[in-house]
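The values are calculated or read from the model by the stated rules, or taken from the named source; none is laboratory data. Owing to the predicted nature of the structure, the values given are computational and were not obtained by experimental measurement. Reconstructed Cβ throughout: ideal geometry from the backbone, glycine too, with neighbour counts over all protein chains shown.
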Amino acid sequence: RTIFLKDYKKPPFLIDETVLHFDLSEQGATVKSRLSIRRNPDADTAPQDLYLDGVDLELAAIAIDGVELSGSGYELIAEGLRVIDVADNFLLECETRIKPHENTCLEGLYKSSSMFCTQCEAEGFRRITYYLDRPDVMSRFTTTIVADKNLYPILLSNGNQVERGDLDADRHFVTWEDPFRKPCYLFALVAGDLLNIDDEYTTMSGRKVALRMFVEPQNKDKCSHALNSLKASMKWDEEVYGREYDLDIFMIVAVDDFNMGAMENKGLNIFNSSCVLAKPDTATDATYQRIEAIVAHEYFHNWSGNRVTCRDWFQLSLKEGFTVFRDAEFSADMNSRTVKRIEDVNLLRTAQFAEDAGPMSHPVRPASFIEISNFYTLTIYEKGAEVVGMIYRLLGAELFRKGSDLYFERHDGQAVTTDDFVQAMQDASGKDLTQFKRWYDLAGTPVIAVDYEYDQDGQTFTLKLSQSCPSTAGDVVEKPFHIPFSFALLDNNGCNIPLIQDDDAVFANAPTELVLDFVKTEQIFTFQHIEKRPIPSLLRGFSAPVRIKNTYSRDELLFLMSNETDGFNRWDAGQKLAVEIIREVAESYAQGAELTVDQRLIEAYRGLLVSESIDKALLSKMLLLPTESYLIELSETANVDAIHHARNFVRDTVAKALKSELLKCYQDNLEAETAYSADFRSIAKRSLKNIALGLLLSIGDAEALTLAETQFATAENMTDESASLIALVNSDFIAPREAALETFYAKWKADPQVVEQWLSIQCGSVKSGSLEAVKRLMSHEAFDIKNPNKVRSVIGAFCNQNIVSFHNANGQGYAFLADNVIKLNKLNPQIASRLVTPLTRWKKFDEQRQALMQAQLKRILDEENLSKDVYEVVSKSIK
Ligand code: ARG
Ligand code: ZN
């Protein structure tokens, strides 16, 4: 059944108070609810009956105003309960029984190792008790938890603890009260034998907030990074958005079994262990940075999500797009802004553009869905963040802040829409955003064509931009988008030239960078007093989520690689050059011709490596070739083998030519460290050193083998240890590779986060991740199909990273994925539906592969009892 945005109706009933009582045991949980319900005076309809959502619940008792309901007073229906003929105001009491220990979908209340925990977003609360499970019903929650004292000494829920005590020799209870009204998707409960690591934060108005992180005892030394990130986030949100925390306590819990990264439940954030636990010897730099970003993301949701929430799930990007924008700005402020932008754009262009060109393409505000869990997508999150970022670039920092202040003030305590967000931005800034709203409603990635002309005699530079947007239906969206197009002109020394658009502009005050309002299908911008032929700097900082065709010659790209004044564009010039050259090699490979690499690429890399002035963080990104996934995304029809071989050939040719520079780069960045630090400068050094090591090992350099083995044996942090392992795994030194994998597992088998890395390194590599090897790993003691992180590390890594193996023309990779999707459809539909993505990209490949992929999709669709999650993705993906 498809749900449509146009069918939205205000809730006919409201729940003012929600009083919950949980009795937890190994056999199951009993949940008693007392809901103070009244008719919504603003409702669109006034039905006689009350419909409540409920899934997989056993109803034990139901009463209205203290009177038990007879069988004629209510009716159990599919996924819910109908209470017949209700009054305008009443107290509804329900008792339901649930089985957390049998819950493998990890929605609602479930067990993860020895603890109970919850995940209610989007529609998990209905698996706990009958309720109006929709975000525009906001209620005050009081929660009592009863459980065994020894097994579950810690009992947590949202808000403040108001009472606790013993019931008998074995059982105790705790009561929590959340003073803020909230939708039930923000409800959380945790029970377990956990340790707490405590910290404290004083808010800008001088209130003391207790910060408390709960983990299983073995993880008590993995909390400090998350707590430091939390304090930095709290401070940043005060300084940049004027937002202060609002409860006396903020809690974080780490759980091993979790479908996503983390969840922003009010006052009680629950995290996937892999996104919150870290210490230097077990977590890589990338993990440190991911934790900082996710802790910030969940914390920022307290305002952008919790205080102001979504009216309905079509508005999901209201909180997710805005919060991703906020966490990206935070990470940019804490680290290298340019590198953060490069990473985000890379993800967007590789994965979101692919999603938007595929069968699940949808607007930032979708118009319909079958299963909302399928819409926690790159489009909602990443493109949604770009849309907010475009508003930021159109308004400028100051007006944007005025807009966010107005938004929070106007809508505090409400459940609102993306339109309300844009309206607040418009009202506060005075900037007309009517046309801009199209970004929310239309799917697809706009394409910009750039044309320019320099007139020596008139000393003018004319820029002609045109835009179009192919929709997935094959037609072209007629109306243009409002695109902030960041622009500059560079002279031949690489300096920005003043931009004068009309003659009465004062020359001295002319800007050297402009955000052009590109609002028409075709638009011309003219710049005057340009004395020499300039080189244009286009879409600086990737100011809009669009495709832009390369208009530069190779020599211009080389110039830009060392002279662009915009860091992102400087990196992108290198990417464009590498893409062109790899494509040229792939062409030769496909034709069986001799392979050669344009010497200019090698010289460009040499120039970067010997440069004294280049920022190391930027350099570490510039030395990475575009990924196979990105090269596939750029192709009309991707020749997987040719791309793989061409990319490796280019990589190896560069590495051979620059061997001595790479060795020097390794040595220069080796320096003995005092203590591990995850600041971005230290990260850049380690990254440079390890990129050099990887390149040298890929060409089978014997000296590099010794360096890698030494680094592997003596590394004092996981970044260096895993980087040397990855370098060995991707090399042709078979015995050292196998030995390292074995040593690594023996050393780390007790640590799930490290074991996950060990699995994904192998499965993601063409050298160690043959399909047979991957299947063997699935019967290894380290694998558990019920644990989403393990599934992602093995099946996910194989299908998304180990691309030539997955796309083997024999089709076995596709069958393997389908087998596992079918298995997981029963256990965990959300994970199954995410895992299937690579098969839905069939359009990108040759006819034989298309047929093989389609056949597997059909096989999945033929399964009985397909979950809504898998059904939606697979049915939309079939020709
Ligand atoms: N709101 C969470 C976050 O962005 C993600 C929750 C995802 N839940 C789901 N059922 N897909 O931090
Ligand atoms: Zn979020």
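Being under 28 Å from the mean Cα position of the chain (by Cα) and surrounded by fewer than 20 Cβ atoms within 10 Å (Cβ to Cβ) is the filter here; which residues of the stretch 578-615 pass it? So that I can check it myself, show each step before the final result.
Kept after step one, since they are under 28 Å from the mean Cα position of the chain (by Cα), are these residues of the stretch 578-615: 578-579, 615.
The answer is 579, 615.
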Residue list for the stretch 510-555, filter: within 24 Å of residue 601 (Cβ to Cβ), over 30 Å from the mean Cα position of the chain (by Cα) and charged (D, E, K, R): 554, 555
Restricting the stretch 46-69 to residues that are under 18 Å from residue 33 (Cα atoms) and of a type in the set (Gly, Ala, Ser), the one surrounded by the fewest Cβ atoms within 10 Å (Cβ to Cβ) turns out to be 66
Say we look at the stretch 305-327 and pick out the residues that are among the hydroxyl-bearing types (Ser, Thr, Tyr) and more than 9 Å from ligand 2 (Cβ to nearest atom); which of these is surrounded by the most Cβ atoms within 10 Å (Cβ to Cβ)? 317
Condition broken by residue 196, with the remaining ones in (1) within 16 Å of ligand 2 (Cβ to nearest atom); (2) part of a strand (DSSP E or B) satisfied: (1)
Being of a type outside the set (Val, Ile, Thr), out of contact with any helix residue (DSSP H, G or I) (no Cβ under 7 Å at 6 or more places or on another chain), within 27 Å of residue 237 (Cα to Cα) and modelled with pLDDT of 95 or more narrows it down to one residue among 415, 449; which is it? 415
Report yes if some residue within the stretch 354-377 is away from ligand 1 (no atom under 16 Å from the Cβ) and without any contact (Cβ under 8 Å) to a residue 40 or more places away in the chain; otherwise report no. no
Being more than 16 Å from ligand 1 (Cβ to nearest atom), among the acidic types (Asp, Glu), part of a helix (DSSP H, G or I) and in contact (Cβ under 8 Å) with a residue 12 or more places away in the chain, is that true of even one residue in the stretch 282-300? yes
Criterion (among the hydroxyl-bearing types (Ser, Thr, Tyr) and farther than 23 Å from residue 645 by Cβ) met by exactly one of 613, 588: 613
Does the stretch 793-830 hold any residues that are touching a Gly at 6+ places or on another chain (Cβ under 9 Å) and either at pLDDT below 95 or not in a helix (DSSP H, G or I) (or both), and which are they? 801, 802, 807
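Regarding residue 575, is this residue under 33 Å from the mean Cα position of the chain (by Cα) and under 28 Å from residue 443 (Cβ atoms)? Step through it out loud before you land on a result.
On the way: under 33 Å from the mean Cα position of the chain (by Cα): yes; under 28 Å from residue 443 (Cβ atoms): yes.
Criteria met by residue 575.
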Going through the stretch 699-732 in order, the residues found to be under 17 Å from residue 658 (Cβ atoms) and crowded, with 19+ Cβ neighbours inside 10 Å are 701, 704, 707, 727
Here's a check for you: in the stretch 252-304, which residue that is among the β-branched types (Val, Ile, Thr) and within 14 Å of ligand 2 (Cβ to nearest atom) is nearest to residue 181 (Cα to Cα)? 270
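Does residue 767 satisfy being surrounded by fewer than 22 Cβ atoms within 10 Å (Cβ to Cβ), free of Cβ contacts under 8 Å to residues at least 60 places away in the same chain and not in a helix (DSSP H, G or I)?
Yes, satisfied.
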Enumeration of residues in the stretch 75-117 that are under 21 Å from residue 375 (Cβ atoms) and either more than 16 Å from ligand 1 (Cβ to nearest atom) or touching a residue at least 60 places away in the same chain (Cβ under 8 Å) (or both): 79, 105, 106, 107
Pick from the stretch 376-417 the residues that are more than 25 Å from the chain's Cα centre (by Cα) and charged (D, E, K, R): which of them is farthest from residue 517 (Cα to Cα)? 412
So, restricting to strands (runs of 3 or more DSSP E) that lie completely within the stretch 39-131, which ones have at least 2 residues that are away from ligand 2 (no atom under 16 Å from the Cβ) and touching a Pro at 6+ places or on another chain (Cβ under 7 Å)? 108-112
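Could you please find all residues in the stretch 831-841 being in a helix (DSSP H, G or I) and crowded, with 23+ Cβ neighbours inside 10 Å? Spell out how you get there, then give the answer.
Going residue by residue through the stretch 831-841, those that are in a helix (DSSP H, G or I) are 831-835, 837-840.
Correct list: 831, 832, 833, 834, 835, 839.
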